Amino acid sequence: ASSTAGLDVTAPSALRPFLVDGLRRAGRTVLAVTPTTRDAETLTEALGSLVDPDLVAHYPSWETLPHERLSPRSDTVGRRLAVLRRLRHPGTEPGSGPLAVVVAPVRSLLQPQVKGLADLVPVELAPGVEQPLDDVVEALAAAAYTRVDLVEKRGEFAVRGGIVDVFPPTEEHPLRVEFWGDEVEEIRAFSVADQRALEPVPHLWAPPCRELLMTAEVRQRARELGERHPQLREMTEKLAEGVAVEGME
């Protein structure tokens, strides 16, 4: 069996961004693995001085630990899925061109991933696009957005008449989509504090909020798991009915 050639470099940490940039200039797509999240953020920021920041992405790890009955935050999941989609389908959405460098803390690589995450299609709308409102609501629910009366947190959506409010995990402000029949008339950001509309935006791009979606296969596996392990039945019964549960990941 042939072995892959490797090179060990011992140098001050300040040299790391220059090494990564050197590999990029040699025509490689670089995966830079760091010990901690802070190191990853520092390296990503430093690379912005050498490489076009649009070509660099930080692939965050879950902030939860395996033994905790907690789900990762929706904004963390949204950022992870956005990076995976850019790697697999670069340029298919606005601002999602090819990546030259992905910076990842080692925990994000050790974290088991569901197969096919990079192929999950975000909910995407723009003014002038025709799409039945019911289909949009169904798509948001399938992407693990929670339907509420008033949108306050990332990963939530609300419906009032011909208006859909959505807070994508990758956006700074929630977005308000106004329909005229089946056509998107306008999309505006709005303030969480007072729900007042802000500036218009050109499109809505809403990636899934969870890495474990309630597909028919997942629901069936949850049902079988509950039968084998009765102590988990409180959780698995809800999953079998398609209800997301905190800590289900």
- What ³J(HN,Hα) values, in whole Hz, does the Karplus curve 6.51 cos²θ - 1.76 cosθ + 1.60 give for region 151-166 when θ = phi - 60°, with x put for Gly and Pro? 6, 10, 10, 4, x, 10, 9, 9, 10, 9, x, x, 10, 10, 9, 9
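Determine the gain in length on full extension of the stretch Ala141-Thr42; use 0.36 nm per residue of separation and subtract their C-alpha separation, reporting nm with one decimal. Don't jump to the answer; show the numbers that get you there.
Working: separation 99, 0.36 × 99 = 35.64 nm, distance 3.56 nm.
Gain on stretching Ala141 to Thr42: 32.1 nm.
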- Task: Among Val121, Leu23, Pro208, flag the residue with its Cα farthest along the positive direction of the charge dipole of the chain, charges on Cβ as +1 for Lys/Arg and -1 for Asp/Glu.
- Result: Leu23
- Query: So what is the 222 nm mean residue ellipticity for the chain from helices alone, if each DSSP H run of at least 4 adds -39500 (n - 2.57) and you divide by all residues, rounding to the nearest 500 deg cm²/dmol?
  - Reply: -8500 deg cm²/dmol
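Tell me, what is the FRET efficiency for Gln113 and Arg188 to the nearest 0.05, using R0 = 45 angstrom and their Cβ-Cβ distance as r?
Working: r = 35 Å, r/R0 = 0.77.
For Gln113 and Arg188, the calculated efficiency is 0.85.
Compute the FRET efficiency between Asp8 and Leu65 as 1/(1 + (r/R0)^6), taking r as their Cβ-Cβ distance and R0 = 35 Å, and round to the nearest 0.05.
After rounding to 0.05, the efficiency reads 0.70.
Carbon and sulfur: what percent of region 27-75's accessible surface (1.4 Å probe)?
Working: 1520 of 2990 Å².
In region 27-75, the share of accessible area belonging to carbon and sulfur is 51 percent.
Filter the trypsin sites (Lys or Arg not before Pro) in region 163-200 to those in DSSP coil with at most 15 other Cβ atoms within 10 Å of their Cβ, and list the result.
Values: sites: Arg176, Arg188, Arg196; in loops: Arg196.
Within region 163-200, the qualifying trypsin sites (Lys or Arg not before Pro) (loop, at most 15 other Cβ atoms within 10 Å) are Arg196.
Rounded, prolate or oblate: which one fits region 121-160, using the alpha carbon gyration tensor with axes a ≥ b ≥ c (rounded when a/c is under 1.5, else prolate when a/b beats b/c, else oblate)? Don't skip to the answer; put the middle values down first.
Numbers: a/c = 1.83, a/b = 1.54, b/c = 1.19.
Prolate, since a/c reaches 1.5 and a/b exceeds b/c.
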- Task: Would you mind telling me the share, in percent, of accessible area of region 106-189 contributed by carbon and sulfur at probe 1.4 angstrom?
- Result: 49 percent
- Task: With a probe of 1.4 Å, find how much accessible area the chain has per residue, and write the answer as a whole number in Å².
- Result: 59 Å²
- Message: Working only with C-alpha atoms, what are the Rg and Dmax values of region 99-249, expressed in angstrom?
- Response: 17.7, 53
- Message: For a test of the definition: using alpha carbon positions, the gyration tensor, and the 1.5 limit on a/c, classify region 62-154 as rounded, prolate or oblate.
- Response: oblate
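Taking region 30-118, which trypsin sites (Lys or Arg not before Pro) meet the DSSP loop condition and have no more than 16 other C-beta atoms within 10 Å? Please list the in-between numbers first.
Details: sites: Arg38, Arg69, Arg73, Arg79, Arg80, Arg85, Arg86, Arg88, Arg107, Lys115; in loops: Arg69, Arg73, Lys115.
Those satisfying the criteria are Arg69, Lys115.
The values are calculated or read from the model by the stated rules, or taken from the named source; none is laboratory data. Since the structure is predicted, the reported quantities are computational estimates derived from the model, not experimental observations. For neighbour counting, all protein chains shown are included, and Cβ atoms are generated from backbone atoms with ideal geometry for every residue, glycine included. In case anyone asks, the SASA skips ligands and DNA or RNA and just uses the protein heavy atoms, side chains included. Shrake-Rupley method; radii C 1.70, N 1.55, O 1.52, S 1.80 Å.
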